[in-house]
Amino acid sequence: MWALVGLEGVSVRVLAVLLAAGAGERWAGPGHKLTTMFRGKPVVVRAIEHVVASGLDVLVVHGAVDLTALARGCGARVVLNPRWIEGQASSLGVACDVATREGFDAIVVGLGDQPLLRSSAWSAVAGAADDLDIVVATYDGVRGHPVRLAASTWPLLDRTADRGAGQLLRNRPDLVREVACEGNPADIDTMEDLRRWS
């Protein structure tokens, strides 16, 4: 169990969430993009391994393709989003429900198709000051994943949108703090992406 000890010695429980439930509609290659080989391993395995290396408790939300064996093989837990076809926000909602039931204080969210996201980015965002509502990674000044959401923000999320927490970040800039991270936040959406980053 990963916890951040705050300034007053209070432990803040943080759950890492990898959203990996979508169908990958832009992918024109064989199979599902998350199970496609990338530098010798499936794309999603590369992504999970980086999160696990950060020391966080990891939950993979899957749906369109069963990732149970791959996720568990990396030491991550899995939860099914039966409504994955409704979009990314439904997966985020599933993750928030799990985090609420298990008593987590924050979630740190990333995407299963980002195999180059470093464990240091996960650690930096997870370890930002515990009194911040939303923490977002930036790469050369551009916002990306992962994003940390304190439990106080979960009721503010629109669970009907096709996107994740982006709308909340735009609507409530007063709650957002940026953390500069190193690494490559590129996602693998197309065969061209796969060739470019392989």
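Residue count for segment 83-130 under the criterion of being aromatic (Phe, Trp, Tyr) and part of a helix (DSSP H, G or I): the result is 2.
Residues in segment 171-195 that are more than 18 Å from the chain's Cα centre (by Cα) and either buried (at least 16 other Cβ atoms within 10 Å of the Cβ) or under 24 Å from ALA128 (Cβ atoms) (or both): ASN171, ARG172, PRO173, ASP174, LEU175, ASP193, LEU194.
I'd like the full set of residues that are small (Gly, Ala, Ser) and part of a helix (DSSP H, G or I), limited to segment 41-59. Within segment 41-59, ALA47, ALA53 qualify.
Give the residue that is farthest from ARG83 (Cα to Cα), with candidates limited to residues of segment 131-176 that are hydroxyl-bearing (Ser, Thr, Tyr) and assigned to a strand (DSSP E or B).
As a first pass, look at segment 131-176 and keep what is hydroxyl-bearing (Ser, Thr, Tyr): 138-139, 152-153, 160.
Pick out the ones that are also assigned to a strand (DSSP E or B) and you get 138-139.
On the way: THR138: 30, TYR139: 32 Å.
Across segment 131-176, the extreme among qualifying residues is TYR139.
Residue count for segment 150-198, restricted to those that are among the aliphatic types (A, V, I, L, M) and within 22 Å of VAL14 (Cα to Cα): 11.
Out of the residues in segment 14-40 that are outside any loop (DSSP other than H, G, I, E, B) and without any contact (Cβ under 8 Å) to a residue 60 or more places away in the chain, which is surrounded by the fewest Cβ atoms within 10 Å (Cβ to Cβ)? That would be MET37.
Against the definition (in contact (Cβ under 8 Å) with a residue 40 or more places away in the chain and in a loop (DSSP other than H, G, I, E, B)), how does ALA186 come out, yes or no? Quick ask: steps written out before the conclusion?
Numbers: in contact (Cβ under 8 Å) with a residue 40 or more places away in the chain: yes; in a loop (DSSP other than H, G, I, E, B): yes.
It is true that ALA186 is in contact (Cβ under 8 Å) with a residue 40 or more places away in the chain and in a loop (DSSP other than H, G, I, E, B).
Taken together, the values in this text are just the output of simple stated rules run on the coordinates, not laboratory data. Since we're looking at a predicted model, the values are computed, not measured. Note: ideal-geometry Cβ built from the backbone for every residue, glycine included; neighbour counts use all protein chains shown.
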